[in-house]
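Q: This structure is in structure tokens; I'll ask about it shortly.
The values are calculated or read from the model by the stated rules, or taken from the named source; none is laboratory data. The model shown is predicted, which means the values in this text are computed figures rather than measured ones. Note that each Cβ is placed from the backbone with ideal geometry, even for glycine, and that neighbours are counted across all protein chains shown.
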Amino acid sequence: MLVIGLGRFGAATAEQLVKQGREVLAIEKDQQLVQKWSGTLTHVVEADATNIDALRQLGAQEFPAAVVGVGTSIEASVLITANLVDLNIDNLWVKAITPSHGKILKRIGANHVIYPEADAGQRAAHLVGGRMLDFIEFEDGFAIVKMFPPKETQGFTLGESAVRSKYGVTVVGVKSPGEDFTYARPETKVTSRDMLIVSGHVDLLERFAARP
């Protein structure tokens, strides 16, 4: 995997890829960041990715996918993305700062545009002060959440509490402390110590999670 830019987003992505056992080539023009991450990541190179010849010399065209984490300069982000498109890298994940920035990136060939700050803010808004522990939203308003069970489900099977018919959401699985995750069945009994994996429309999930 090719990662360009070792700011907070790029470095976090590269570090996680390495933890997953992936081979990573990170390109960064800031010498201090190169030194900072050289002992952690597989390969870190000091280079200017806005220069397509520099990318060719590093063998960037051999990678099937790339992540562009450059965010301080929209111009640099666009130039780097255009270079990667010209090098025929099929799978491009590019950080965008604004919707207009993201629109430009998509038009020049970035097939995955990421808004890390906006996404983190939206996710935090769902998690703060509620019973949700994790939240993943999809484009069509559908989401999957990890949450503590409302009191009305505790001590009952999922069939007895009738979550789906009452709230329009589906309990996909249940995780009990010290036990493996299990897919939910009507006979699955929920306790106060369990965590639920629930899917459904965002509005309906918010309503269900707001139950005492």
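Q: Got at least one residue in segment 191-205 being in the same structural domain as Ile80 (by TED's automatic domain parsing), at pLDDT below 90 and either among the hydrophobic types (A, V, I, L, M, F, W, C) or surrounded by 15 or more Cβ atoms within 10 Å (Cβ to Cβ) (or both)?
A: Scanning segment 191-205, I find no residue that is in the same structural domain as Ile80 (by TED's automatic domain parsing), at pLDDT below 90 and either among the hydrophobic types (A, V, I, L, M, F, W, C) or surrounded by 15 or more Cβ atoms within 10 Å (Cβ to Cβ) (or both), so the answer is no.
Q: Got at least one residue in segment 15-22 being out of contact with any His (no Cβ under 9 Å at 6 or more places or on another chain), over 21 Å from Ala110 (Cβ atoms) and among the charged types (D, E, K, R)?
A: Checked segment 15-22: at least one residue is out of contact with any His (no Cβ under 9 Å at 6 or more places or on another chain), over 21 Å from Ala110 (Cβ atoms) and among the charged types (D, E, K, R).
Q: Determine whether Leu87 is within 16 Å of Met1 (Cβ to Cβ) and modelled with pLDDT of 95 or more.
A: Criteria met by Leu87.
Q: Using the structure shown, decide if Lys36 is touching a residue at least 24 places away in the same chain (Cβ under 8 Å), surrounded by fewer than 18 Cβ atoms within 10 Å (Cβ to Cβ) and in the same structural domain as Leu105 (by TED's automatic domain parsing). Steps first, answer last, please.
A: Working: touching a residue at least 24 places away in the same chain (Cβ under 8 Å): yes; surrounded by fewer than 18 Cβ atoms within 10 Å (Cβ to Cβ): yes; in the same structural domain as Leu105 (by TED's automatic domain parsing): yes.
Answer is yes for this residue.
Q: Would you confirm, using the coordinates I've provided, whether Gly130 is modelled with pLDDT under 95, at positive phi and surrounded by fewer than 16 Cβ atoms within 10 Å (Cβ to Cβ)?
A: Spelling it out, it is not the case that Gly130 is modelled with pLDDT under 95, at positive phi and surrounded by fewer than 16 Cβ atoms within 10 Å (Cβ to Cβ).
Q: While we're on this one: Could you list, in sequence order, the residues of segment 86-100 that are of a type in the set (Val, Ile, Thr) and surrounded by 16 or more Cβ atoms within 10 Å (Cβ to Cβ)?
A: Within segment 86-100, Ile89, Val94, Ile97 qualify.
Q: Here's something else I'd like to know. If you take the residues of segment 62-83 that are without any contact (Cβ under 8 Å) to a residue 40 or more places away in the chain and not small (Gly, Ala, Ser), which of them is surrounded by the most Cβ atoms within 10 Å (Cβ to Cβ)?
A: Here the residue is Thr81.
Q: May I pose another question? When only residues in segment 178-190 that are of a type in the set (Ser, Thr, Tyr) and touching a Ser or Thr at 6+ places or on another chain (Cβ under 9 Å) count, which is surrounded by the most Cβ atoms within 10 Å (Cβ to Cβ)?
A: Thr188
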